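First the structure, in the form of structure tokens, and then the observations on it.
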Amino acid sequence: MANPSLLILPGDGIGPEVMAEVRKIIDWFGEKRGLVFDVEEDLVGGAAYDAHGVPLADETMEKAQSVDAVLLGAVGGPKYDELPFEVKPERGLLRLRKEMDLFANLRPAQCFDALADFSSLKPEVIAGLDIMIVRELTSGVYFGEPRGIFDDNEGGRVGINTQRYTTEEVRRVARVAFELARRRRGRVCSMEKANVMESGILWREEVQWVHDNEYPDVELSHMYADAGAMQLVRQPRQFDVIVTDNLFGDLLSDVAAMLTGSLGMLPSASLGAPMANGRPKALYEPVHGSAPDIAGQGKANPCACILSFAMALRYSFDEGAEADRLERAVEKVLAEGVRTPDLLQKEGAVPATTAEMGDAIICALDESLATA
Ligand code: NAD
Ligand code: IPM
Ligand code: MN
């Protein structure tokens, strides 16, 4: 059988720095576990714009459609802020999500014990936290028409975006949330703004429909997204799976990321419909961005990107045990006190560089074999 294929798109800013550490991990699995991937690397975001004048070349898009999984670092940066909207780095990422139809974005927020006292919330509120946010990723206000900036014919301008959801768009992402809940603690909380938005009413009704007709065994609750944000910081452990739209999911997952200590810790999987081989189309990426403020300084935390590769092992390659192994290695390294600057709390503690963090995780992986 052919090796499974990976397309790696490091992108901009800290993207290439954190992806270099993921490459070490991929190589380790090839050498030590016989899990050999055919890896190809290409450009996305500002890096692609610099080379091709577009944030994602058609050829790259084709490659992304043909591989078993895509791994992405991050896109964007101040250098590209003044570019026309259509060629901004972020458009490259949005094109991948849309054309691959990656409608379900899984953003787990788990608090590693070693980081419990690092969160801005009290350790007793955060210890043992394990939430899965399922964000709809290919519709809503990110893609709805009409959109644009227009003259308002009174000497001013008007900026328009459209929040739009169809029955099927809501139902298919709801199903993903219910399926996950069945394998977790059996609870889904759906978040929208049904009190002010018709699209929110539709969202609520369709999630309820999927529940009543297909998943009556799962416990379903609904919450307005603003109240949900409040509850996420008040008592985050009340949640198991949260399902929400594209924009609310973007916001709520950044909040959830900080609960766990740092944006540098939160991975994600973006999944679409199954391909011919039965695996879902998939793109894995950290939740954080290109972090221009620390790019090029060896300060970036590679864990979110490494944990995104763990999600790839689990969701694209049926290697759940190897995903667990990698997650445990990350946990062990954190427990040993190896920390990039974003995770340092004690004054005078010496931070690890991005590469040192990656190397420490490789050591922990080696040790996992010795103790097996
Ligand atoms: P950001 O996530 O890049 O950074 C926010 C803060 O978190 C910064 O202080 C940064 O230093 C810190 N941070 C982020 N990741 C870190 C890591 N791995 N280790 C240590 N610290 C980390 O968000 P931003 O500053 O709002 O956006 C910067 C650029 O990234 C923008 O162009 C934005 O559009 C883009 N962006 C891209 C993605 C993506 O590619 N998926 C996601 C979010 C933002
Ligand atoms: C994310 C990012 C993206 C989003 C941007 C970079 C397009 O913030 O993945 O969370 O808004 O979806
Ligand atoms: Mn975001």
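The values are calculated or read from the model by the stated rules, or taken from the named source; none is laboratory data. Keep in mind that what you see is a predicted model, and the values were worked out from it rather than measured. Don't worry about glycine lacking a Cβ; one is built from the backbone with ideal geometry, like all the others, and counts go over all protein chains shown. To get the accessible areas, we keep the full protein, side chains included, count just its heavy atoms, and leave off ligands, DNA and RNA. Shrake-Rupley method; radii C 1.70, N 1.55, O 1.52, S 1.80 Å.
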Checklist entry - Which ones in the range 247-289 are away from ligand 2 (no atom under 15 Å from the Cβ) and of a type in the set (V, I, T)? => result T260
Checklist entry - For the range 157-171, how many residues are assigned to a helix (DSSP H, G or I) and crowded, with 18+ Cβ neighbours inside 10 Å? => result 2
Next on the checklist: Yes or no: the range 30-47 includes at least one residue that is in a helix (DSSP H, G or I), out of contact with any Gly (no Cβ under 7 Å at 6 or more places or on another chain) and surrounded by 22 or more Cβ atoms within 10 Å (Cβ to Cβ).
Outcome noted: no
Next on the checklist: So M19 passes all but one of these: (1) modelled with pLDDT of 95 or more; (2) more than 10 Å from L71 (Cβ to Cβ). Which condition number does it fail?
Outcome noted: (2)
Checklist entry - Does at least one position in the range 50-72 carry a residue that is acidic (D, E), within 16 Å of ligand 3 (Cβ to nearest atom) and either surrounded by fewer than 24 Cβ atoms within 10 Å (Cβ to Cβ) or at pLDDT below 95 (or both)? => result no
Checklist outcome for this item: In the set N105, N153, the lone residue that is among the polar types (S, T, N, Q), farther than 30 Å from R339 by Cα and outside any helix (DSSP H, G or I) is N153
Checklist entry - Consider S119 against the criteria (1) in a loop (DSSP other than H, G, I, E, B); (2) more than 12 Å from ligand 2 (Cβ to nearest atom); (3) open to solvent by less than 60 Å² (accessible area, probe 1.4 Å); (4) farther than 28 Å from L326 by Cβ: it satisfies all of them except one. Which criterion is unmet? => result (4)
Checklist outcome for this item: For the range 182-193, pairs from a residue that is on the phi < 0 side of the Ramachandran plot to a residue that is loosely packed, with under 14 Cβ neighbours inside 10 Å and not basic (K, R), with Cβ under 6 Å and 6 or more apart or across chains, are C189/S221
Checklist entry - Mind checking whether some residue in the range 224-242 is of a type in the set (S, T, Y) and within 16 Å of ligand 3 (Cβ to nearest atom)? => result no
Checklist outcome for this item: Scanning the range 287-320 for residues that are in contact with a Gly (Cβ under 6 Å, 6 or more places away or on another chain) and aliphatic (A, V, I, L, M), the one least open to solvent (accessible area, probe 1.4 Å) turns out to be A304
Checklist entry - Does the range 137-146 contain at least one residue that is at pLDDT 95 or above, touching a strand residue (DSSP E or B) at 6+ places or on another chain (Cβ under 9 Å) and either surrounded by fewer than 15 Cβ atoms within 10 Å (Cβ to Cβ) or within 11 Å of T260 (Cα to Cα) (or both)? => result yes
Checklist entry - Which members of the range 283-314 meet the condition of being within 14 Å of ligand 3 (Cβ to nearest atom) and over 12 Å from L106 (Cβ atoms)? => result P286, H288, G289, S290, A291, A304
Next on the checklist: Residues that are open to solvent by 60 Å² or more (accessible area, probe 1.4 Å), under 24 Å from F178 (Cβ atoms) and in contact (Cβ under 8 Å) with a residue 24 or more places away in the chain: does the range 74-82 have at least one?
Outcome noted: no
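For A104, state whether it is modelled with pLDDT under 95 and within 16 Å of ligand 2 (Cβ to nearest atom). Please lay out each step first, then the result.
Values: modelled with pLDDT under 95: no; within 16 Å of ligand 2 (Cβ to nearest atom): yes.
In short, no.
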Next on the checklist: Given (1) among the aliphatic types (A, V, I, L, M); (2) assigned to a helix (DSSP H, G or I); (3) within 14 Å of ligand 1 (Cβ to nearest atom), identify the lone condition not met by L83.
Outcome noted: (2)
Next on the checklist: Show me the helices (runs of 4 or more DSSP H) entirely contained within the range 173-285 in which 3 or more residues are away from ligand 1 (no atom under 16 Å from the Cβ).
Outcome noted: 198-214, 225-234
